[in-house]
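Colleague: Take this structure, written in structure tokens, and hold onto it; I'll ask about it next.
The values are calculated or read from the model by the stated rules, or taken from the named source; none is laboratory data. All values derive from a computational prediction rather than experimental measurement. Note that we place each Cβ from the backbone using ideal geometry, even for glycine, and neighbour counts take in every protein chain shown. Just the protein is used for accessible areas: all its heavy atoms, side chains included, with ligands, DNA and RNA removed. Shrake-Rupley method; radii C 1.70, N 1.55, O 1.52, S 1.80 Å.
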Amino acid sequence: MSDSALVRYLPILLQATVVTVYLSAMVVTGGTVLGVVLALLGRRARPVGLVVDVFVYVMRGVPLLVHVFAAYFWLPMLLTDVSKVTAVTLAMSLYMAAFVAEIVRGAIEGISRTLSDAARSLGMPPALAMRRVVLPLAVRAAMPPLMNRMVMAIKGTSLASAVGLWELSLAGREIIQRDLAPFQVFGLIAVLYFCLCTLVTHAGRRLEARFAYEH
Amino acid sequence: MGFNPDYIVRNLPVLAEGLWMTLVVSAFGLLVAAPIGFAAALGSLRGRRWVAGLTTAYVQAFRNTPLLVQLYLVYFGLPLIGLAWDPTASGVAALGLYHGAFLSEVFRAGLAAISARQLEAAASLGMPYRLALRRILLPQAVRMMLPALGNEFVLLVKNSSLLSTIAIVELTMSGKLLAERSGAVYEVFVAVGALYLIVTSLMALALRRVEWRLRMAE
Amino acid sequence: MSTEQPMVSVRQVIKRFGALTVLDGVSFDVRRGEVVVLIGASGSGKTTLLRCINFLERYDAGEIEVDSQLIGYRRGAAGRLAPLPEREVARQRTRMGMVFQSYNLFPHFTALQNVMEAPVQVLGVPREEAEAQARALLRRVGLDDKADVRPARLSGGQQQRVAIARALAMRPALLLLDEVTSALDPELVGEVLQVIKALADDGMTMVIVTHEMQFAREVAHRIVFLDAGHVVEEGVAKQLLSDPQTPRLQAFLRRFREGYLL
């Protein structure tokens, strides 16, 4: 494939990038929100805590691809009007949520007892102490691993191609089926993913710096 | 929509074969990733400027792009440069390169932590460098690497599922074929999920024992 | 002082940590406006006792009353004690303030925000009012120029003074101080002790755990000496320190005078 041919495919690839960005945004948002909820629920006593623990354990121990396949094949059987995008987004969000839950749980437990002592000694009821003191500090502490997880979620969207959802990786496969030039096509796609991931990493670091409370 | 466990039992051999392939591919993947990771770690710690730059580029590139894309690059690309590799070999290579990048970060941190303090201590005791490397650094390096390798193996097993996209019949592919053929989607994916879960759990348990043993030996 | 109900009434309190009995039937009273200092070797249970008063630690037997209110439990039928839900205990804690050895300021808030946080969030005080009060309190502890500074940029002594202001913002009837100078560099101890002395002079009821014998002598009305979970001796501060009656207290003070670590 000549370079001009590659240029011809550029619009398609950029379109596909938009799809990937959109998918990533949904998965990251869903995954983070669900993950925080799971982290808080996981601290409760049985049965809620136990259910959450089992859920997190199963989600983390099984590969994402299997979750995607399972959702793709199962969900239409369980619910009627489920689009491919919904099924895949749900599977990926739940997968990320399991990891986020672990990260946030660890961060919350890492908040020293002395700080929750201080909050309690001021007469803060447990929910208030969690909301105003523990959770804000836990999220700050959890930012680096959370950012990492977001990058992994972006990379994970490539698996949507395995069930025929059109995004950047599938677009690449389609192109080389017509005009075989894997190095150029996938090379460019790799660069596009790379830009996306490093952008998020840098944004994450700046966010971290802004919320840092030490100097 | 009844659940038919009988179906799983009957098709267990097929899934077991897939599982075996998964384990084999993952093991070879680790065999490739470990030396790459170690070399990259050493390169970034003790190599000259251009070597360190190269390893950083490698690590950054392979950590910030999806494994799937790397897999496609190897699988579709190698034949074009004259290397007619087995798809399995391509898969192992891709896994090795991807996980090598992650291992290199772990090794780098571990080696850096060990080497500085320990070499200082050894030197202050008058130990020659070669001896310090062999008696002090190496045992600690191994102690550091073992859990890291174990952890990475668990991730490798999960990522080996991606090899199903290039038609390698490991566990996920076996499951997919079975599900498409029979329509017993529930049973198949529960079985596949359970098998992965068992493998990762056993690995995690084994890892914890090894770490415990290592700590006891201190 | 009058013969009114004591501000704090500790009666036969027992506290166990597993097989270890840390408090074994401790009783003492604190009158309104009084400053009581708890002394004793480490492991004697004095910090645990303090933390039982505001129920940061749950006591297993006995009763603790603050301002005639039973803390942490409800008197059920036949005088049995039923534990209160955490929300109710939180409400009880609004009447007491605590200052900790490691200051425990909220790192993500400025000094001003630290002091304002509880009045606004717990008591529902309007923001402007809480801010004005907070600034006044910071001025009182000598830190009004540090209002917008985060704890990480403050010295230990400054952080501790903010912590005192934070506790005072809730207008507590009782202040509990747990080794508040132990984590400070020696030069910084004085500024904190000064603030506490001023509070004592203003008539604040306080229960203080400290090693600083000199300080105890200056500020305490009464001293309670704990050893192995028991109240061994208690009495008027100056008298107890200069003329200990029990052999254990004599040994303790002698060890202290000889510079042993407590």
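Colleague: Out of B:146, B:162, B:19, any idea which swings most in a Gaussian network model of chain B, alpha carbons joined below 10 Å?
Modeller: B:146
Colleague: Points 7 angstrom from Cα along the Cβ direction at residue A:54 and residue B:24: gap in nanometres?
Modeller: 3.6
Colleague: Within chain C, which is the longest segment that contains none of the trypsin sites (Lys or Arg not before Pro) sitting in a DSSP loop with at most 15 other Cβ atoms within 10 Å? Don't skip to the end; give the middle numbers.
Modeller: Working: sites that count: C:58, C:80.
Longest gap between qualifying sites, sites excluded: C:81-262.
Colleague: Counting heavy atoms of the protein chains only and a 1.4 Å probe, report the per residue accessible area for region A:3-214 as a whole number of Å².
Modeller: On the way: 9690 Å² over 212 residues.
Result: 46 Å² of accessible area for each residue.
Colleague: While we're looking at this one, here's another question. Filter chain A for me: DSSP H helices, axial length by Cα at least 30 angstrom, mean Kyte-Doolittle hydropathy not below 1.6. List them by residue number. Mind showing how you got there, number by number?
Modeller: Numbers: long enough: A:3-41 (55 Å, 1.65); A:84-110 (39 Å, 1.15); A:182-211 (43 Å, 0.96).
Span-like helices here: A:3-41.
Colleague: Moving to a separate point now. With the other protein chains left in place, how much accessible area per residue, in square angstrom, belongs to region C:99-225 at a 1.4 angstrom probe? Each step should come with its number before you reach the end.
Modeller: Working: 4810 Å² over 127 residues.
Value returned for region C:99-225: 38 Å² of accessible area per residue.
Colleague: Now for a separate question. Looking at A:107, A:122, A:47, which one has the Cα that reaches farthest to the positive end of the dipole of region A:3-214 (charges on Cβ: Lys, Arg +1; Asp, Glu -1)?
Modeller: A:122
Colleague: Are there trypsin sites (Lys or Arg not before Pro) in region A:1-95 that DSSP puts in a loop and that have at most 14 other Cβ atoms within 10 Å, and which ones?
Modeller: Numbers: sites: A:8, A:43, A:44, A:60, A:84; in loops: A:43, A:44.
Listed in order of number, the matching sites are A:43, A:44.
Colleague: Please label the shape of chain C as rounded, prolate or oblate, based on the square roots a ≥ b ≥ c of the eigenvalues of the alpha-carbon gyration tensor (a/c under 1.5 means rounded; beyond that, a/b larger than b/c means prolate, else oblate). List each step's numbers first, then the result.
Modeller: Values: a/c = 1.81, a/b = 1.20, b/c = 1.51.
Judged from the Cα gyration tensor, chain C comes out oblate (a/c at least 1.5, b/c at or above a/b).
Colleague: Nearest 100 Å², what total accessible surface is buried between chain A and chain B (probe 1.4 Å)? Walk me through the numbers before you get to the answer.
Modeller: Numbers: alone 12740 and 12740 Å², together 22250 Å².
Chains A and B together bury roughly 3200 Å² of accessible area.
Colleague: Using only protein heavy atoms and a 1.4 angstrom probe, determine the accessible area buried between C and A, summed over both sides, in Å² to the nearest 100.
Modeller: 2200
Colleague: Any chance you could give the angle, 0 to 90 degrees and rounded to 10, that helix B:138-159 forms with the longest Cα principal axis of chain B?
Modeller: It is inclined by approximately 20 degrees.
Colleague: Measure nothing fancy, just the Cα-based angle from helix B:49-63's long axis to the longest principal axis of chain B, in degrees from 0 to 90, nearest 10.
Modeller: That helix lies at roughly 20 degrees to the long axis.
Colleague: Per residue of B:106-114, count partner chain C-beta atoms within 10 Å of its C-beta, then hand back the mean as an integer. Before the final figure, lay out each step's value.
Modeller: Values: counts 0, 0, 0, 0, 0, 0, 0, 0, 0.
For peptide B:106-114, the averaged partner shielding equals 0.
Colleague: Could I ask something else about it? Could you check the spin-label model distance between residue B:46 and residue C:153? Points 7 Å from the Cα along Cα→Cβ, value in nm.
Modeller: In this crude label model, residue B:46 to residue C:153 measures out at 4.4 nm.
Colleague: Also: With a 1.4 Å probe and all protein chains kept in place, how do C:241, A:14, B:125 rank by accessible area, largest first?
Modeller: Sorted descending by solvent-accessible area, the residues read B:125, A:14, C:241.
Colleague: Tell me, what is the percent relative contact order of chain B, built from C-alpha pairs under 8 Å that lie six or more residues apart? Write down the numbers at each step before the final one.
Modeller: Numbers: 224 pairs, mean separation 65.3, N = 218.
Reported as a whole number, the value is 30 percent.
Colleague: Still on this structure: Among A:183, A:99, A:69, which one shows the biggest mean-square fluctuation in a GNM of chain A, springs joining Cα atoms closer than 10 Å?
Modeller: It is A:183.
Colleague: Just to confirm the filter: which trypsin sites (Lys or Arg not before Pro) across region B:12-86 are DSSP coil and have at most 11 other Cβ within 10 angstrom of their Cβ? Don't jump to the answer; show the numbers that get you there.
Modeller: Numbers: sites: B:46, B:48, B:49, B:63; in loops: B:48.
Of the trypsin sites (Lys or Arg not before Pro), the ones in loops of region B:12-86 whose Cβ has at most 11 other Cβ atoms within 10 Å are B:48.
Colleague: Output the residues of region A:61-109 meeting this criterion: accessible area (heavy atoms, 1.4 Å probe) in the chain alone minus accessible area with all protein chains in place is 50 Å² or greater.
Modeller: By number: A:61, A:63, A:65, A:66, A:69, A:73, A:74, A:77.
Colleague: Note down the magnitude of the dipole of region A:3-214 about its Cα centre, charges +1 on Lys and Arg C-beta and -1 on Asp and Glu C-beta and zero elsewhere, to the nearest 20 debye.
Modeller: Working: 19 positive and 11 negative charges, 127 e Å.
The dipole of region A:3-214 has a size of about 600 debye.
Colleague: Okay, moving on. How would chain B be classified by its alpha-carbon gyration tensor: rounded, prolate or oblate, with rounded meaning a/c under 1.5 and the a/b versus b/c comparison settling the rest? Could you put the intermediate results ahead of the total?
Modeller: Details: a/c = 3.45, a/b = 1.71, b/c = 2.02.
Oblate.
Colleague: Run the accessible area of the protein assembly as shown with a 1.4 Å probe and give the carbon-and-sulfur part as a rounded percent. Present the calculation step by step, with values, prior to reporting the outcome.
Modeller: Details: 19320 of 32650 Å².
Looking at the protein assembly as shown in its full context, I get 59 percent from C and S.
Colleague: Could you compute how much accessible surface residue C:14 exposes when probed at 1.4 Å, giving the result in Å² to the nearest 10?
Modeller: About 40 Å², rounded to the nearest 10.
Colleague: If you line up the long axis of helix B:185-216 against the longest principal axis of chain B, both from Cα atoms, how many degrees apart are they, to the nearest 10?
Modeller: 20
Colleague: With a cap of 16 neighbouring Cβ atoms within 10 Å, and only residues DSSP puts in a loop, list the GluC sites (Glu not before Pro) found in region C:201-262. Walk me through the intermediate numbers first.
Modeller: Details: sites: C:212, C:218, C:233, C:234, C:258; in loops: C:212, C:258.
When the GluC sites (Glu not before Pro) of region C:201-262 are filtered for loop state and at most 16 Cβ neighbours within 10 Å, C:258 remain.
Colleague: I've got another one for you. Taking the solvent-accessible surface of protein heavy atoms with a 1.4 Å probe, what is the per residue accessible area of region B:111-218 in Å²? List each step's numbers first, then the result.
Modeller: Working: 5660 Å² over 108 residues.
Dividing the accessible area of region B:111-218 by its residue count gives 52 Å².
Colleague: Considering amide H positions built from the backbone, and no H for Pro or chain starts, which residues 5 or more places from residue C:61, or on another chain, come under 5 Å of its amide H?
Modeller: Residues meeting the amide H criterion: C:14.
Colleague: Roughly how many nanometres apart are two label points built 7 Å out from the Cα toward the Cβ at residue A:14 and residue B:10?
Modeller: Placing both labels 7 Å beyond Cα along the Cβ direction yields 5.5 nm.
Colleague: Nearest 20 debye, what's the magnitude of the dipole of the protein assembly as shown about its Cα centre given +1 on Lys and Arg Cβ and -1 on Asp and Glu Cβ?
Modeller: Numbers: 70 positive and 54 negative charges, 124 e Å.
The calculated dipole for the protein assembly as shown is roughly 600 debye.
Colleague: Only bridges whose two residues both fall in the protein assembly as shown count here: according to DSSP, what percent of them are antiparallel, nearest 5?
Modeller: Details: 24 of 41 bridges.
Around 60 percent of the beta bridges assigned by DSSP in the protein assembly as shown are antiparallel ones.
Colleague: Restricting to chain C, what percent of DSSP beta bridges are antiparallel, rounded to 5?
Modeller: Details: 24 of 41 bridges.
Just about 60 percent of them are antiparallel.
Colleague: With both partners inside region C:151-252, how many of the DSSP beta bridges are antiparallel, as a percent to the nearest 5? Please report the intermediate quantities before stating the final value.
Modeller: Numbers: 6 of 11 bridges.
Of those bridges, close to 55 percent are antiparallel.
Colleague: OK, next. Cβ under 13 Å from residue C:190's Cβ, residue C:190 left aside: what net charge do those residues give with Lys, Arg +1 and Asp, Glu -1? Don't skip to the answer; put the middle values down first.
Modeller: On the way: positive: C:161, C:197; negative: C:185, C:187, C:191, C:212, C:218.
With Lys, Arg at +1 and Asp, Glu at -1, the net is -3.
Colleague: Might you work out the accessible area of residue A:19 for me, using a 1.4 Å probe with all protein chains in place, and round it to the nearest 10 Å²?
Modeller: So the heavy atoms of residue A:19 present about 50 Å² to solvent.
Colleague: Considering protein heavy atoms only and a 1.4 Å probe radius, which residues within region A:169-205 exhibit an accessible-area decrease of no less than 50 Å² in the full assembly relative to the chain by itself?
Modeller: Residues of region A:169-205 that lose at least 50 Å² of accessible area once the other chains are added: A:173, A:182, A:183, A:186, A:194.
Colleague: When only the heavy atoms of the protein chains count and the probe is 1.4 Å, how do B:6, C:202 rank by accessible area, highest first? Walk me through the numbers before you get to the answer.
Modeller: Details: B:6 90, C:202 110 Å².
These residues rank, largest area first, as C:202, B:6.
Colleague: Show A:116, A:93 ordered by accessible area, largest first, where the area counts protein heavy atoms only and the probe is 1.4 Å.
Modeller: Working: A:116 35, A:93 10 Å².
Accessible-area ranking of A:116, A:93, largest first: A:116, A:93.
Colleague: Let me ask something else. When a/c reaches 1.5 or more, the comparison of a/b and b/c decides; with that in mind, is region A:3-214 rounded, prolate or oblate per its Cα gyration tensor? If you can, show how the numbers build up before the last one.
Modeller: Values: a/c = 3.39, a/b = 1.75, b/c = 1.94.
The shape class here is oblate.
Colleague: What does the charge dipole of region C:24-112 about its Cα centre add up to, to the nearest 20 debye, if the Cβ of each Lys and Arg holds +1 and the Cβ of each Asp and Glu holds -1?
Modeller: Values: 12 positive and 10 negative charges, 51 e Å.
It comes to approximately 240 debye.
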